[in-house]
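The values are calculated or read from the model by the stated rules, or taken from the named source; none is laboratory data. From a predicted model like this one, the values you see are computed outputs, not experimental measurements. Please note: Cβ atoms are built from the backbone with ideal geometry, for glycine as well, and neighbour counts cover all protein chains shown. Surface accessibility is based on the protein's heavy atoms, side chains included, excluding ligands, DNA and RNA. Shrake-Rupley method; radii C 1.70, N 1.55, O 1.52, S 1.80 Å.
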Amino acid sequence: MLLQADHLKKQYTAQDGSTVDALRDVSIELVAGEFVAVQGPSGCGKSTLLLTIGALLEPTAGCLNIDGENPYALSPEARARFRAMNIGFVFQQFHLVPYLDVRDNILVPSLAGESNASLDRVDELLEQFNLAERAAHPPAQLSTGERQRTAFARALLNKPRIVLADEPTGNLDRENAEIVIAHLRQFARDDGAVLLVTHDSYAADQADRSLQI
């Protein structure tokens, strides 16, 4: 089992002392080679689930195991390294660094340390995502589809085991959405695992299975 999340819960305390459940008793499993979509209405906890599984937001209750490791049992520094080497993130808003060109944006995950990423690996990703001719361009000079492909290439720099994608087609037209989904499917076929949070029925239909929360 590559990922196993059992009874995850995330609870916040409001200013009036009441509690708010951002995530309620969610369990999910992923094996290598699997592409899974998660759907549900706004506010149901989809993004919270992704952040919790991504070792960015510690759950109030429940257990998380990624490739035999509980990231929340690690120190913050060790957890950051674990996250950088095992989990790739793709977001709807891209989160590219505006003053870096495409090549350097792809290299950003190597700053977390212990990365074996090389310039050859970056060149490989530039070719894979059809970005070689845009390598020296900043995000402001890219199309929306090129920005998302840059963000996806960045997510794959350290050859993670899992890709977590939060509405990656939300800002894309159908042609570019199909390109992104094709890359997600290929990553899963190459023995990775993909967890996709989406409102896009087309994207969800391309997954091996779809879950509702």
### Task
Subtract the Cα-Cα distance of SER42 and CYS63 from 0.36 nm times their separation in residues, and report this length gain in nm to one decimal.
5.1 nm
### Query
What angle do you read, to the nearest 10 degrees and between 0 and 90, between the alpha-carbon axis of helix 174-189 and the longest principal axis of the chain?
70 degrees
### Summary
Between the Cα axis of helix 76-86 and the main Cα principal axis of the chain, the angle (0 to 90°, nearest 10) is 60 degrees
### Message
I need the calculated FRET efficiency for the pair ALA14 and TYR72, taking r as the beta carbon distance and R₀ as 22 Å, to the nearest 0.05.
### Response
0.40
### Summary
From DSSP H assignment alone, runs of 4+ in the chain each adding -39500 (n - 2.57), the sum over residues rounded to the nearest 500 puts [θ] at 222 nm at -9500 deg cm²/dmol
### Task
For the range 94-213, count all C-alpha to C-alpha pairs, find those more than 24 Å apart, and express that count as a whole percent of the total.
24 percent
#### Entry: DSSP-assigned coil residues among chymotrypsin sites (Phe, Trp or Tyr not before Pro) in the range 65-174, each with at most 11 further Cβ atoms within 10 Å
TYR99
### Message
Please compute the volume of the convex hull spanned by the alpha-carbon atoms of the chain and report it per residue in Å³.
### Response
130 Å³
### Task
Take the alpha-carbon centre of the range 12-70, take the same for the range 133-199, and report the distance between them in whole Å.
22 Å
### Task
Apply 1/(1 + (r/R0)^6) to the Cβ-Cβ distance of TYR202 and ASP123, taking R0 = 22 Å, and write down the FRET efficiency to the nearest 0.05.
0.10
#### Entry: 1.4 Å probe accessible area per residue over the chain, in Å²
48 Å²
